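Just below is one structure, and these are the notes that go with it.
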2 protein chains.
Amino acid sequence: MTAEADIERWDLDADVVVIGAGCAGFSAAIGAAEAGADVIVLERTGGWGGASSQSGGLIYLGGGTALQQACGIHDTPEAMAAFLRAATGPGANDEKIEIYCEGSVAHYDWLVECGVPFKAELFTEPGWEPPGDEGLMFCGGEAAHPFREIAAPAPRGHVPQMRDKRTGERGGGWMLMHHLASTVERHGVDLRFDTAVRSLVVGAGGDVVGVIARHMGEDVSVRARHGVVLASGGFVQNVDMLAQHAPQLEGWAKIGTDGDDGLSIRLAQGLGAAVVHMNAGESAISVDPGLLVRGILVDRQGQRFINEDSYPGRVGQKVLNERQGESFLLLDEEAYDEDAARRFGLRLSWVCETVEELETDMGLPAGSLQATVETYNRHAANGEDPLFHKSERWLRPLEGAIGAIDLRLGMYTFATFTLGGLDTTIDGEVRHVDGSTVPGLFAAGRTTSGIPAVGYVSGTSLGDGTFFGRRAGAAAAGSPRSV
Amino acid sequence: MTAEADIERWDLDADVVVIGAGCAGFSAAIGAAEAGADVIVLERTGGWGGASSQSGGLIYLGGGTALQQACGIHDTPEAMAAFLRAATGPGANDEKIEIYCEGSVAHYDWLVECGVPFKAELFTEPGWEPPGDEGLMFCGGEAAHPFREIAAPAPRGHVPQMRDKRTGERGGGWMLMHHLASTVERHGVDLRFDTAVRSLVVGAGGDVVGVIARHMGEDVSVRARHGVVLASGGFVQNVDMLAQHAPQLEGWAKIGTDGDDGLSIRLAQGLGAAVVHMNAGESAISVDPGLLVRGILVDRQGQRFINEDSYPGRVGQKVLNERQGESFLLLDEEAYDEDAARRFGLRLSWVCETVEELETDMGLPAGSLQATVETYNRHAANGEDPLFHKSERWLRPLEGAIGAIDLRLGMYTFATFTLGGLDTTIDGEVRHVDGSTVPGLFAAGRTTSGIPAVGYVSGTSLGDGTFFGRRAGAAAAGSPRSV
């Protein structure tokens with residue numbers, strides 16, 4: 001923290017200063033500009049995009065968006081909220097979920113106004129992303145137990161249209177950012193790359209009035225006449241912070257740029273800001289969801305532990321958090337799909353004539369895997385899964401020769417990022433531990449704890465980053481003038 | 001936070017001001033007094049003791065304490081450290097573990113010097129506490145898988161001697177606190193009850209120079225010439241903090257006084273203090289450990305999930321965190337012990353002639369429980385448990401009529417308290433998120449994250465509360481004079 005009194009002169013100034021040029025930062029910049037503010041965005045790397053740009057581009061929206069309607073999907077904000085409350089807890093943020101779901105239809109329209117294209121085509125198979133340029137898909141296990149009993153399932157993964165992925169073009173995340181970047185430019189936002197924030201500047205009254213950043217080896221002081229919005233991602237790249245908050249995430253592949261070092265979180269904490277669910281993390285398991293649903297997933301005791309048609313991000317959390325990262329996928333000839341496996345770098349690690357042989361080859365306790373398969377098959381023959389309630393659609397006894405994929409792939413087993421961060425209001429104001437807010441300080445995206453509170457659903461991070469980013473920008477623009 | 005400049009006059013002053021009169025606060029007071037400081041302890045309730053006083057009194061010590069030696073036990077600091085690293089992680093605090101284990105023998109001697117009595121008698125059965133006044137016991141699953149393969153097992157639960165519990169006298173926690181209180185008194189510490197801290201006073205340079213407390217409706221300003229030690233417990237009584245950090249702990253029985261509201265943690269955070277593992281919590285499952293080891297513990301899929309001879313606090317964490325709090329204990333006639341069950345308010349919820357009938361009566365999926373018992377029994381007959389490696393001592397096929405205890409008891413299923421808290425150095429200095437320490441501010445006990453980082457072991461909370469409390473008090477006494 002730097003005292004305003006120690007600033008000799010301001011090198012730059014704007015109404016709103018945004019830190020980070022990912023989806024949350026750009027949405028904040030646009031939101032502030034829409035509210036009439038002039039805006040500077042500071043980005044530590046040489047270009048926009050951040051982790052958002054590297055992602056598949058899924059944006060979790062619903063309640064009856066124009067795209068859902070065009071695909072003939074009925075959805076309500078209430079069903080969407082009920083699903084998110086169940087899927088993102090325990091510890092879901094009810095207040096954020098409510099306004100997010102109520103505002104979701106309008107937020108979709110806003111993205112379209114920003115130029116983000118969506119193709120009105122529904123992809124109905126299980127998958128991390130659509131194979132082509134389809135615009136809508138299920139992406140959170142909405143139609144799987146236990147969520148199908150909690151809320152009417154609807155596909156809510158909105159995917160920006162890209163050139164067909166099979167032709168090797170960039171993905172939906174880049175397409176989202178490309179159009180947000182165009183919108184930022186259209187609003188005349190001052191975008192400064194290679195400019196890394198290192199301190200918040202605080203006035204005598206405790207309000208944030210600017211930042212000190214580093215550009216080409218020189219300090220740059222940037223005054224924020226109305227507010228600063230922190231939107232520089234999470235902390236998956238910070239080894240010390242992971243050890244202190246989310247040690248289970250260390251050692252796996254990390255989704256995030258070097259900027260996901262948690263600095264914005266710590267800068268705000270230095271001013272007394274509260275943090276929430278710092279232990280939470282997404283851990284996407286590296287397996288084709290279409291393969292997963294057709295097999296039997298077991299742990300190293302040879303026991304099942306989840307319905308295989310669950311959202312695979314949920315499966316990944318369960319394997320990582322509760323099974324020390326170890327799992328195996330059993331498949332018979334009909335279930336196995338070599339192309340699907342190969343896309344994830346997978347292959348059958350064992351193939352045997354009988355489950356008994358497989359059990360032995362895998363080094364599992366005698367009888368354990370046999371009991372699991374016998375119980376599964378017996379009930380599957382009746383279209384039932386009384387243990388974990390996999391949907392009837394995927395239930396079929398595994399028969400004949402049987403193989404297993406060893407899903408212990410080393411660091412590539414899981415792709416992780418952090419979900420914990422600053423405690424913010426629905427307008428992005430950063431909450432102080434004393435219950436007040438820090439004047440002049442706002443945050444959005446994975447610098448905050450938001451819609452994906454503890455449990456993760458694909459598309460909620462780009463979703464809440466853009467939604468609450470925009471709100472934070474608008475609120476910062478309307479924040480009382482500091483000078 | 002209150003600025004020193006706003007203090008008109010100090011009502012009280014001392015070299016070291018300690019907040020909280022539990023084991024950590026009293027140890028800090030004694031540590032400071034031993035270092036020559038004059039000390040004030042502020043306690044919000046009407047008497048000393050806190051949660052420490054309500055506890056069973058186990059103190060986790062080892063490496064060859066005089067009590068271990070008197071009981072003929074061989075132990076080393078290295079074995080103790082290896083065990084604690086494994087049992088309290090992932091995310092164990094290696095630095096604290098190392099100095100704690102190295103200093104454990106001397107710390108035991110210090111407790112004895114403080115008057116705390118220990119009877120040189122080893123209790124070897126599984127249990128939460130000794131039934132009588134035995135002084136030493138296993139209390140962390142040291143002899144169970146996986147820890148027996150990691151470090152040479154030794155009993156390290158040191159229990160202050162009380163009148164025999166069977167005669168209804170107070171427990172070991174009270175006895176510990178009684179003798180620490182006498183020592184505090186002997187050192188002439190100024191002990192102020194009904195005095196609740198509400199703000200830290202900070203000097204112009206950012207150093208903590210005192211506190212504002214509330215006594216009988218009046219504010220009292222208390223100057224700390226050298227340092228303030230926060231030792232007022234965790235946050236299990238703060239519903240909002242639980243929702244933000246450890247939602248899994250809400251709704252269960254809470255071990256802690258009203259003072260465990262997290263205020264000290266938040267006051268320090270307001271000055272930029274870092275917190276660690278705020279999601280972590282102990283969740284002791286309400287079952288007799290002696291009954292547990294003789295049975296088969298299953299989840300609602302009828303599957304085992306842990307070796308039943310594990311430390312039952314570890315079992316409780318697994319049931320609460322990974323099984324939604326639901327578990328069932330299967331016992332045959334030989335394994336069942338009505339007295340042991342009754343002591344925990346338990347009884348057989350179902351009794352059947354066969355496992356198949358039991359499975360039906362419990363509403364478990366057909367074949368699930370039968371497969372579990374069949375696999376368990378077949379291996380147990382050979383003295384093996386290839387699934388979870390329960391010790392041979394407890395392995396025996398369950399035979400004949402079989403019953404199950406429903407361990408879903410409502411809020412009394414688990415007794416919980418929080419383990420997360422302030423990030424402190426081995427001398428109790430409170431770390432700032434920027435990597436420095438907050439001058440003049442110290443903390444100990446469950447206000448901090450310490451030896452029980454994420455995983456819990458009985459006795460580590462009183463253990464690290466007294467050990468690092470004493471160090472924090474001594475460090476505060478030696479802290480540069482603030483005025």
(1) farther than 21 Å from A:Cys114 by Cβ; (2) in contact with a Gly (Cβ under 8 Å, 6 or more places away or on another chain): which one isn't true of A:Arg481, the others all being true?
-> (2)
Residue ID - farthest from the other protein chains (Cβ to nearest Cβ), chosen from residues in the stretch B:404-418 that are among the polar types (S, T, N, Q) and within 19 Å of B:Ile306 (Cβ to Cβ) | B:Thr413
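Can you go through A:Ala32, A:Ala5 and tell me which one is small (Gly, Ala, Ser), under 30 Å from A:Asp194 (Cα atoms) and open to solvent by less than 10 Å² (accessible area, probe 1.4 Å)? Even if it seems obvious, please write down each step before you answer.
Numbers: A:Ala5 fails: open to solvent by less than 10 Å² (accessible area, probe 1.4 Å).
That would be A:Ala32, the only listed residue that is small (Gly, Ala, Ser), under 30 Å from A:Asp194 (Cα atoms) and open to solvent by less than 10 Å² (accessible area, probe 1.4 Å).
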Hits in the stretch B:345-361 (condition: within 13 Å of chain A (Cβ to nearest Cβ), open to solvent by less than 20 Å² (accessible area, probe 1.4 Å) and either closer than 22 Å to B:Tyr311 by Cα or among the hydroxyl-bearing types (Ser, Thr, Tyr) (or both)) | none
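Select from the stretch A:362-403 the residues that are loosely packed, with under 14 Cβ neighbours inside 10 Å and farther than 28 Å from A:Gly141 by Cβ and write down the one among them that is nearest to the other protein chains (Cβ to nearest Cβ).
First, pick out the residues of the stretch A:362-403 that are loosely packed, with under 14 Cβ neighbours inside 10 Å: A:363, A:381-383, A:392-393, A:399-400.
Checking the rest, the ones that are also farther than 28 Å from A:Gly141 by Cβ come to A:363, A:400.
On the way: A:Gly363: 10, A:Gly400: 21 Å.
Looking at the filtered set, the residue picked out is A:Gly363.
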Conditions: (1) closer than 18 Å to A:Glu399 by Cα; (2) in contact (Cβ under 8 Å) with a residue 60 or more places away in the chain. A:Asp337 meets all but one. Number of the miss?
-> (2)
Could you tell me whether the stretch A:178-187 includes any residue that is within 26 Å of the chain's Cα centre (by Cα), more than 20 Å from A:Gln54 (Cα to Cα), in a helix (DSSP H, G or I) and at pLDDT 95 or above?
-> yes
Residues of the stretch A:206-240 being out of contact with any strand residue (DSSP E or B) (no Cβ under 7 Å at 6 or more places or on another chain) and over 25 Å from A:Thr466 (Cα atoms), in sequence order, are A:Met216, A:Gly217, A:Glu218, A:Val239, A:Asp240
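Just checking, how many residues over the stretch A:309-324 are surrounded by fewer than 21 Cβ atoms within 10 Å (Cβ to Cβ) and outside any helix (DSSP H, G or I)? Quick ask: steps written out before the conclusion?
Narrowing the stretch A:309-324 to residues surrounded by fewer than 21 Cβ atoms within 10 Å (Cβ to Cβ): A:318, A:321-324.
After this cut, where a residue has to be outside any helix (DSSP H, G or I) as well, the list is A:323-324.
Count: 2.
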For the stretch B:79-129, how many residues meet the condition of being more than 20 Å from A:Gln248 (Cα to Cα) and in a loop (DSSP other than H, G, I, E, B)?
-> 14
Quick one: count up the residues across the stretch A:61-99 that are touching a Pro at 6+ places or on another chain (Cβ under 9 Å) and either farther than 18 Å from A:Gly450 by Cβ or hydroxyl-bearing (Ser, Thr, Tyr) (or both).
-> 7
Can you work out which of the residues in the stretch A:195-206 that are at pLDDT 95 or above and open to solvent by less than 40 Å² (accessible area, probe 1.4 Å) is farthest from the chain's Cα centre (by Cα)?
-> A:Gly203
Going through the stretch A:312-362 in order, the residues found to be among the acidic types (Asp, Glu) and within 30 Å of A:Asn279 (Cβ to Cβ) are A:Glu322, A:Glu326
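Looking for whichever is more than 14 Å from every other protein chain (Cβ to nearest Cβ) and either without any contact (Cβ under 8 Å) to a residue 40 or more places away in the chain or closer than 17 Å to A:Asp6 by Cα (or both) here; the options are A:Ala243, A:Ala196, A:Ala213. Which one fits?
Details: A:Ala243 fails: more than 14 Å from every other protein chain (Cβ to nearest Cβ); A:Ala196 fails: either without any contact (Cβ under 8 Å) to a residue 40 or more places away in the chain or closer than 17 Å to A:Asp6 by Cα (or both).
Matching residue, one of A:Ala243, A:Ala196, A:Ala213: A:Ala213.
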What are the pairs, 6+ residues apart or on separate chains, where a residue within the stretch B:142-154 that is surrounded by fewer than 17 Cβ atoms within 10 Å (Cβ to Cβ) has its Cβ under 6 Å from a residue that is modelled with pLDDT of 95 or more?
-> B:Ile150/B:Ala82; B:Ile150/B:Ala86; B:Ala152/B:Ala79
The residue from A:Gly210, A:Gly206 that alone is part of a loop (DSSP other than H, G, I, E, B) and over 30 Å from A:Ser310 (Cβ atoms) is A:Gly206
A:Phe26 passes all but one of (1) within 20 Å of the chain's Cα centre (by Cα); (2) assigned to a loop (DSSP other than H, G, I, E, B); (3) modelled with pLDDT of 95 or more; which number fails?
-> (2)
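One line per residue, one yes/no per condition, for (1) surrounded by fewer than 16 Cβ atoms within 10 Å (Cβ to Cβ); (2) within 24 Å of A:Thr425 (Cβ to Cβ); (3) more than 17 Å from the chain's Cα centre (by Cα):
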residue: A:Glu95; (1), (2), (3): yes, yes, yes
residue: A:Gly103; (1), (2), (3): no, yes, yes
residue: A:Trp110; (1), (2), (3): no, yes, yes
residue: A:Pro131; (1), (2), (3): yes, no, yes
Which members of the stretch A:274-301 meet the condition of being among the β-branched types (Val, Ile, Thr) and within 14 Å of chain B (Cβ to nearest Cβ)?
-> A:Val275, A:Val276, A:Ile296, A:Val298
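Where in the stretch A:217-298 are the helices (runs of 4 or more DSSP H), entirely inside, with at least 1 residues that are among the aliphatic types (A, V, I, L, M), farther than 30 Å from A:Asn377 by Cβ and open to solvent by 10 Å² or more (accessible area, probe 1.4 Å)?
Details: elements: A:239-245, A:263-269, A:289-294.
Hits in the stretch A:217-298: A:239-245, A:263-269.
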Among (1) touching a Pro at 6+ places or on another chain (Cβ under 7 Å); (2) buried (at least 23 other Cβ atoms within 10 Å of the Cβ); (3) within 14 Å of chain B (Cβ to nearest Cβ) - the single one A:Gly421 does not satisfy = (1)
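The values are calculated or read from the model by the stated rules, or taken from the named source; none is laboratory data. These numbers were taken from a predicted model, which means no experiment stands behind them. Note that each Cβ is placed from the backbone with ideal geometry, even for glycine, and that neighbours are counted across all protein chains shown. The protein model used for the area step is the full one, side chains on, heavy atoms only, and it has no ligands, DNA or RNA in it. Shrake-Rupley method; radii C 1.70, N 1.55, O 1.52, S 1.80 Å.
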